[in-house]
Amino acid sequence: MTDGSPGAGAAPPPKRGRRRGRHVVRALLLFLVAVVGIEAVVGDRGLVFVLRARRQYELLVRERDRLTAENARLRAEAKRLRDDPGAIEGIARRELGLILPGEKAFIIKDVPSPEPARP
């Protein structure tokens, strides 16, 4: 069999071109996966961005809750000041040092003032 066709005992020709092509394709795919992975972590909408946004969201929720509670406290105080004349009198006496006609005020020095009551 000398007609150039492979015989029963002949080995197939080496496929170096195909192997090299597969290595190039594999390297390109690996590079593409690496680029996509890096973009997913540090890109504009990547993992770092998402974690930072989540942390900022949690801070804003806590701030909103704190402000809501303070708003409720201030509303209650405003209602008390509108409805209770004794509350206004107490503030005037405590903060401004006012007295009613006929009362006498005594100023005692060198005595520490009492701590204001905390709500």
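Values in this text are rule-based calculations from the coordinates and carry no lab data. No experiment lies behind these values; they were computed from the predicted model shown. Glycine also receives a Cβ, built like all others from the backbone with ideal geometry; neighbour counts cover every protein chain displayed.
For labels at PHE106 and ARG22 in the simple 7 Å Cα→Cβ model, what's the distance in nm?
It works out to 10.4 nm between the two label points.
Send over the semi-axes of region 24-96's equivalent ellipsoid, whole angstrom and largest first, taken as the square roots of 5 times the C-alpha gyration tensor eigenvalues.
Values: eigenvalues 754, 16, 5 Å².
Semi-axis lengths for region 24-96 are 61, 9, 5 Å.
For ARG62 paired with ARG80, estimate the spin-label separation in nm (one decimal), with each label point 7 Å from Cα along the Cα-to-Cβ line.
2.8
Considering the Cα trace of region 55-119, what is its radius of gyration and what is Dmax, both in angstroms?
18.5, 60
Short version: ³J(HN,Hα) in whole Hz for each residue of region 40-52, in order, from phi by Karplus 6.51 cos²θ - 1.76 cosθ + 1.60 (θ = phi - 60°), x for Gly and Pro, what are they?
Result, rounded to whole Hz: 5, 8, 10, x, 4, 10, x, 4, 4, 4, 5, 5, 5.
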